[in-house]
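As structure tokens, the structure follows; a few thoughts come after it.
The values are calculated or read from the model by the stated rules, or taken from the named source; none is laboratory data. As the structure is a prediction and not an experimental result, all values here were calculated from the model. Positions of Cβ are backbone-derived with ideal geometry, glycine not excepted, and every protein chain shown enters the neighbour counts. For the accessible areas, the whole protein counts, side chains as well, though only heavy atoms, and no ligand, DNA or RNA atoms are used. Shrake-Rupley method; radii C 1.70, N 1.55, O 1.52, S 1.80 Å.
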Amino acid sequence: MRIVDTHQHLWDLDLFRYSWLDSLPTLNRSFRMPDYLDAIQGLDVAKSVHLEADVDEPHMLSETQHLLNLADEPDNPLEGIVACGRPEKRDFKSYLDKIIGHRKLKGIRRVLHTQPDELSQSKTFIENVSSLKNYHLSYDICVLDRQLPVAINLVRSCPDVTFILDHCGIPRVKEKVLDPWRKHIAEIAHFPNVNCKISGLVAYADPTSWSAQNLRPYVDHALSCFGWDRVLFGSDWPVCTLSASYKQWVEALHSITRRAGEANQRKLFHDNAIRVYRLA
């Protein structure tokens with residue numbers, strides 16, 4: 001199965017600071033492109049999209065420029081960059097003007113699951129996210145399951161923006177909690193401009209006992225709500241390594257979706273990503 005990975009991360013601690021890594025010693029080291037290429041060995045990863053990794057704010061512009069330069073190199077699969085941003089700031093558009101114009105810049109993300117719920121509800125935040133349509137950029141939503149109503153309000157306020165919901169809305173897989181996550185996923189899926197990234201689930205599972213069957217209820221519900229034309233595979237590497245290797249996660253998702261047939265799997269693992277992220 002040819003793969004477009006819509007959610008990979010890289011971080012180089014020699015270049016930039018990521019304070020959130022201090023509490024995660026397993027991940028608190030550099031993960032560079034050669035590490036990613038090692039992780040995907042034996043898999044047909046044709047293209048990838050890099051998601052910003054919540055770099056400390058003073059490094060946002062430098063990290064984005066570094067990644068866009070990396071995407072220009074011919075020895076890696078990077079075809080899209082989703083850059084960090086601070087839509088809550090009044091100078092957000094000035095920041096966009098500094099990075100816009102590179103053909104591989106595809107979208108913006110502001111990690112919200114570590115922030116107060118009110119952050120994304122301000123008039124400034126909503127207006128700035130809404131303005132992304134003028135730049136032909138999408139917006140990746142990264143919220144916890146309890147914050148899905150906040151995400152729904154943002155989506156409702158920005159009908160002309162293409163949204164990608166990261167990690168299926170981060171359900172509590174380890175605790176095997178399905179509700180009210182299921183209700184909120186069904187609600188946000190009603191908005192036609194929202195896509196769902198089937199990613200991150202294994203990172204939130206029990207690292208000692210997870211299985212494909214543990215993940216199935218969450219995958220099946222997301223697929224049922226969004227359909228096969230609005231779902232995208234993402235590895236969430238290297239965060240997925242908290243519980244599984246890249247290959248183990250791919251194999252688990254392939255197993256869960258096998259009965260849907262090769263055509264639908266091709267949409268999930270490849271075709272939808274090309275369209276949603278406007279990849280070459």
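Would you pick out the residues in region 198-238 that are in contact with a strand residue (DSSP E or B) (Cβ under 9 Å, 6 or more places away or on another chain) and of a type in the set (A, V, I, L, M)?
Across region 198-238, the qualifying residues are ILE198, VAL219, ALA222, LEU223, VAL231, LEU232.
Tally time: how many residues in region 8-51 are outside any helix (DSSP H, G or I) and buried (at least 19 other Cβ atoms within 10 Å of the Cβ)? Please lay out each step first, then the result.
Residues of region 8-51 outside any helix (DSSP H, G or I): 8-18, 24-32, 40-51.
Now narrow it down to the ones that are buried (at least 19 other Cβ atoms within 10 Å of the Cβ): 8-11, 18, 31, 40, 45, 47-51.
Going through region 8-51 one residue at a time, the tally reaches 13.
What number of residues in region 67-83 are polar (S, T, N, Q) and either part of a helix (DSSP H, G or I) or open to solvent by 40 Å² or more (accessible area, probe 1.4 Å) (or both)? Let's see the steps before the verdict.
Taking region 67-83 first, the residues polar (S, T, N, Q) are 69, 76.
Restricting the remaining residues to those that are either part of a helix (DSSP H, G or I) or open to solvent by 40 Å² or more (accessible area, probe 1.4 Å) (or both) gives 69.
Result for region 67-83: 1.
Filter region 34-52 down to residues that are in contact with an Asp or Glu (Cβ under 8 Å, 6 or more places away or on another chain) and aliphatic (A, V, I, L, M) and give me whichever is nearest to LYS267 (Cα to Cα). Quick ask: steps written out before the conclusion?
Just the residues of region 34-52 that are in contact with an Asp or Glu (Cβ under 8 Å, 6 or more places away or on another chain), to begin with: 40, 45, 47-49, 51-52.
Retained after the next criterion (residues that are aliphatic (A, V, I, L, M)): 40, 45, 49, 51.
Working: ILE40: 20, VAL45: 14, VAL49: 16, LEU51: 20 Å.
Looking at residues that are in contact with an Asp or Glu (Cβ under 8 Å, 6 or more places away or on another chain) and aliphatic (A, V, I, L, M), I get VAL45.
Sort out which residues of region 242-269 are within 30 Å of ASP12 (Cα to Cα) and open to solvent by 40 Å² or more (accessible area, probe 1.4 Å), and write them in order of number.
Across region 242-269, the qualifying residues are LEU242, SER245, LYS247, GLN248, GLU251.
Suppose we filter region 212-236 for residues that are of a type in the set (A, V, I, L, M) and open to solvent by 10 Å² or more (accessible area, probe 1.4 Å); how many remain? Write out each step before concluding.
First, pick out the residues of region 212-236 that are of a type in the set (A, V, I, L, M): 212, 215, 219, 222-223, 231-232.
Now restrict to residues that are open to solvent by 10 Å² or more (accessible area, probe 1.4 Å): 212, 223.
Residues meeting the conditions: 2.
Where the second residue is open to solvent by 70 Å² or more (accessible area, probe 1.4 Å) and the first is at pLDDT below 95 and lies in region 81-102, which pairs have Cβ atoms under 7 Å and are six or more apart or on separate chains?
So the pair list comes out empty.
List, please: which pairs have Cβ atoms under 7 Å, are six or more places apart or on different chains, and start with a residue in region 202-227 that is of a type in the set (Ser, Thr, Tyr) and end with one that is part of a helix (DSSP H, G or I)?
TYR218/CYS168
Here are some conditions: (1) touching a Leu at 6+ places or on another chain (Cβ under 9 Å); (2) open to solvent by less than 20 Å² (accessible area, probe 1.4 Å). VAL239 meets all but one. Which one does it not meet?
Every listed condition holds for VAL239 apart from (2).
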